[in-house]
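Q: Here you go, one structure.
All of the numbers you see were taken from the coordinates with simple rules; none came from a lab. From a predicted model like this one, the values you see are computed outputs, not experimental measurements. Neighbour counts run over all protein chains shown; Cβ positions are idealised from the backbone, glycine included.
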Amino acid sequence: MAVPEKILREVSALRQQVEHHNRLYHSQDAPEIPDADFDALLRRLEELEAKYALQEDASPSQRVGGEAIAGFTQVRHEIAMLSLNKVFDEADLKSFELRLKKRLEAESSLQYSCEPKVDGIAVSLLYKDGVLERAATRGDGTTGEDITHNVRTIGSIPLQLKPKIKNTVIEIRGEIFLTKEGFKKLNEASEKEGGKIFVNPRNTAAGAIRQLDPKKAAKIPLQMYCYSVGRVDGFKLPKTLSEVFSLISEWGLPVNPDRSVENGIDACLKYCLALLAKRSVLPYEIDGAVLKVDNLELQRQLGSNARSPRWAMAYKFPAEEKSTTVLDVEFQVGRTGTITPVARLEPVFVGGVTVSNTTLHNMDEIERLGLQIGDRVIVRRAGDVIPKVVKVIPHEGASNKIERKPILIPEVCPACASALEKDGDVLYRCSGGIICPAQRKESIKHFASRSAMDIEGLGSKLIELLVDKEIITSVADIYALTPEQLASLERMGDKSAAKLIAAIQKSKQTSLPRFLFALGIREVGEATALQLATHFGILDGIIAADLDSLVQVPDVGPIMAEHIRVFFSNKSNVALIEKLQGSGVTWPVIEASYDDSAKPLLGETYVLTGSLEKMPRNEAKAMLIALGAKVAGSVSKNTSCVVAGPGAGSKLAKAEELGIKVLDEEEFIALLDELMA
Ligand code: IVH
């Protein structure tokens, strides 16, 4: 049936109106028409599309309601999604400009596009002929995940760019985030329904974007600000980034209203400080400002290294600080019996999360702070670092609601009433050992944790319940758990019980380093466990090793060697290991590396800088040492190679200056794979 011209025109007009109101509502928070009128427009559009079979992906009627997907498809970014170098102060910002000018041999000042560094999730939108074809997460920068189904539900992201740009492919990149208000409302609504409480806007956005079911994602009021262009085919971009922003904004893409073009680095610094001053009143969370050379040709000339463009810099804001009251101090018992004071705080929103307790580390720290219960304190939280009490606000006297009380170390263990022993100058330790339920719980939590035996689903709460109900008393009991025992627990159905049993079974296939780490030997962290495993190759070798052979292992000093000896000379520990092996816990044999010929990096010195995203830094360090390399803290002409993760700064610059080989994380992992094969 030929569709009457009149209908086609009406459908086209309706689509434009719906998108226009979508944008006003979602990205500008300024609706022009009542919700009921909007619904009527959308209904009319849906009706006509259905009647004349005009449904198409680019229509705003197709935003919500897609089917859940079974799993994520990987997407390769043709142009890598890089991260940013960062500076924290004026001096480093100035040297950034000096470097730029030197490279460009420029005399006069440069123009910068200055933007807030929005704390969200980086995504890529691919438009073909102006129609949104695919959206993907950044992933590791080279490969991300296809999240088109969720991005289509975000009202402020156009499914169709305003002009129909034929024969083009344009990739737009930006940050998806949740406003502070959106986050607050979401939590209020969730609390009313007895649902889960979201931790912070960033995590919530990350969770929503990785939903399999777009109907669930659609419930989270996500927003996006576009900040760069990736792949462009068949279209000539304007000369500057700021013009690109104006252009794509005309196309209907959301760009940050708080951006600005500044001339010279001094003006940029003013921009950064002004942004910092209004940080708390901005409607979205930021963790700094981003400065980019505005001229695209100059950007091209400057180019990038493996991790980040040379033409951009993040100016990171200092950690956030807030004041609150210490309501109480409790003493927690750790896996090896150490007693740690933990402050219970009046909940305070700082650095993007609500903080209601924080560790005080030890009695010395309490003394250093001069802290008493009831004190007003300053709490600081930077990035993902755990919050910290930085100082006590001088006593405010009568204004305090809580009576001031000194913090005293308890006389006996708060969990099992065993005597406390002093360990060194500042530490106290419960002497209860295996009879102390707190130590038992903590050692089981450690055993099941991700870096140890990695038993998915066996979390803190469940372990506490299992120990309290005396279903398990040691880690060996985990492998004797039955589906019936689990299913009898509150909030645990047959399905989750079966899932947990499967995870427990799966964990039996492990590796020697993981198993050693899981045992929870004092001072033996992941890196040392790896050292021990690669040095000795087999567990029996470690069990039998005397102090002399233990100190041969790189990084193992006499104290750690003593802890290892004490652990393995305890018969019940050896019996526990046998019991675990008897339940089927096993690992592949690894070649021992006593022999120097097995150390291909002997004589080389490596420096690790920036953050590594795929492997813990200590693990990287341990592997290098196991391969014979030295790992140094600073770059000199004796350095053989620098491994630079995102955020690498002066060490990377120095390596480049000295012409030292630089590997990014991926190249580094490839090297390890090759050498360890
Ligand atoms: S530009 C080529 N601009 O910060 C440079 N990034 O560490 C790519 N971010 O992964 C990033 N706001 O998720 C740029 N205005 C902004 C940004 C921004 C937030 C995030 C982005 C990126 C990370 C860089």
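Q: Tell me, which cysteines of the chain are without a disulfide-compatible partner by the Cβ under 4.7 Å rule?
A: Flagged as lacking a Cys partner: Cys114, Cys226, Cys268, Cys272, Cys641.
Q: 7 Å from Cα along Cα→Cβ at both Glu403 and Ile435: what's the point-to-point distance in nm?
A: Label at Glu403, label at Ile435, 3.5 nm between them.
Q: Next up: Work out the count of Lys pairs in the stretch 407-518 where the Cα-Cα distance is under 29 Å, with the pair 8 or more places apart or on different chains.
A: The result is 26.
Q: Taking 0.36 nm per residue of sequence separation and subtracting the Cα-Cα distance, how much length would be gained by fully extending the chain between Gln55 and Gln509, in nm to one decimal?
A: 158.4 nm
Q: Could you tell me which of rounded, prolate or oblate describes the stretch 315-375, using a ≥ b ≥ c as the square roots of the eigenvalues of the alpha-carbon gyration tensor, with rounded for a/c under 1.5 and, failing that, prolate when a/b is larger than b/c and oblate otherwise?
A: Prolate, since a/c reaches 1.5 and a/b exceeds b/c.
Q: Next question, about the same structure. How far, in nm, would the chain grow between Ile393 and Ser583 when pulled straight, counting 0.36 nm per residue and subtracting the alpha carbon separation?
A: That pair, Ile393 and Ser583, stretches by 62.9 nm at full extension.
Q: Say the dipole of the chain comes from +1 at the beta carbon of Lys and Arg and -1 at that of Asp and Glu; which of Leu624, Tyr428, Leu14 then lies farthest toward its positive end?
A: Farthest along the dipole direction, towards plus: Leu14.
Q: Oh, and also: Taking H placed 1.01 Å from N in the peptide plane, check which residues at least 5 places from Ala629 or on another chain put their amide H under 5 Å from its amide H.
A: HN-HN under 5 Å from Ala629: Leu601.
Q: Please report the antiparallel percentage of the DSSP beta bridges confined to the chain, to the nearest 5.
A: Counting DSSP beta bridges with both partners in the chain, the antiparallel share is about 85 percent.
Q: Continuing with this model, one more query. Which is farthest toward the positive dipole end of the chain among His395, Gly182, Val75, measuring Cα position about the Cα centre, with Cβ charges +1 (Lys, Arg) and -1 (Asp, Glu)?
A: Of His395, Gly182, Val75, it is Gly182.
Q: I would also like to ask the following. Pairs to check: Lys128/Lys219; Lys180/Lys316; Lys102/Lys621; Lys599/Lys637. Give those whose C-alpha atoms are more than 25 Å from each other in this structure.
A: With Cα atoms farther than 25 Å apart: Lys128/Lys219; Lys102/Lys621.
Q: Quick one: net charge around Ala561, please, counting Lys, Arg +1 and Asp, Glu -1 for every other residue with C-beta under 10 Å from its C-beta.
A: Every neighbour counted, the sum reads -3.
Q: Taking amide hydrogens as modeled 1.01 Å from N in the peptide plane, which residues meet the under 5 Å criterion relative to Lys117, leaving out close sequence neighbours?
A: So Lys117 has HN proximity to Asp287, Gly288, Ala289, Val290.
Q: Tell me the angle of helix 571-582 to the major Cα principal axis of the chain, expressed in degrees between 0 and 90 and rounded to the nearest ten.
A: Taking Cα atoms only, the helix is inclined about 50 degrees.
Q: So what's the back-of-envelope 222 nm ellipticity for the chain, counting only DSSP H runs of four-plus at -39500 (n - 2.57) apiece and dividing by all residues, rounded to 500?
A: -10500 deg cm²/dmol
Q: Measure off 7 Å from each Cα along the Cα-to-Cβ vector at Ala480 and Lys661, then give the distance between these two points in nanometres to one decimal.
A: Rounded to a tenth, the inter-label distance reads 5.3 nm.
Q: Is the shape of the chain best called rounded, prolate or oblate, per the rule: a/c under 1.5 gives rounded, else a/b larger than b/c gives prolate, else oblate, with a ≥ b ≥ c the square roots of the Cα gyration tensor eigenvalues?
A: prolate
Q: Over the stretch 100-167, what is the mean sequence separation of C-alpha contacts under 8 Å (at least six apart), divided by residue count, expressed as relative contact order in percent?
A: Taking the mean separation of contacting Cα pairs over the length of the stretch 100-167, I get 25 percent.
Q: Roughly how big is the chain's charge dipole about its Cα centre, with Cβ charges of +1 (Lys, Arg) and -1 (Asp, Glu), in debye to the nearest 20?
A: Dipole about the Cα centre, nearest 20: 780 debye.
Q: Still on this model: Label the stretch 572-662 by shape, choosing from rounded, prolate and oblate, from the square roots a ≥ b ≥ c of the eigenvalues of the Cα gyration tensor; if a/c is under 1.5 it is rounded, and otherwise prolate applies when a/b is larger than b/c, oblate when it is not.
A: Prolate is the answer for the stretch 572-662, as a/c is 1.5 or above and a/b outweighs b/c.
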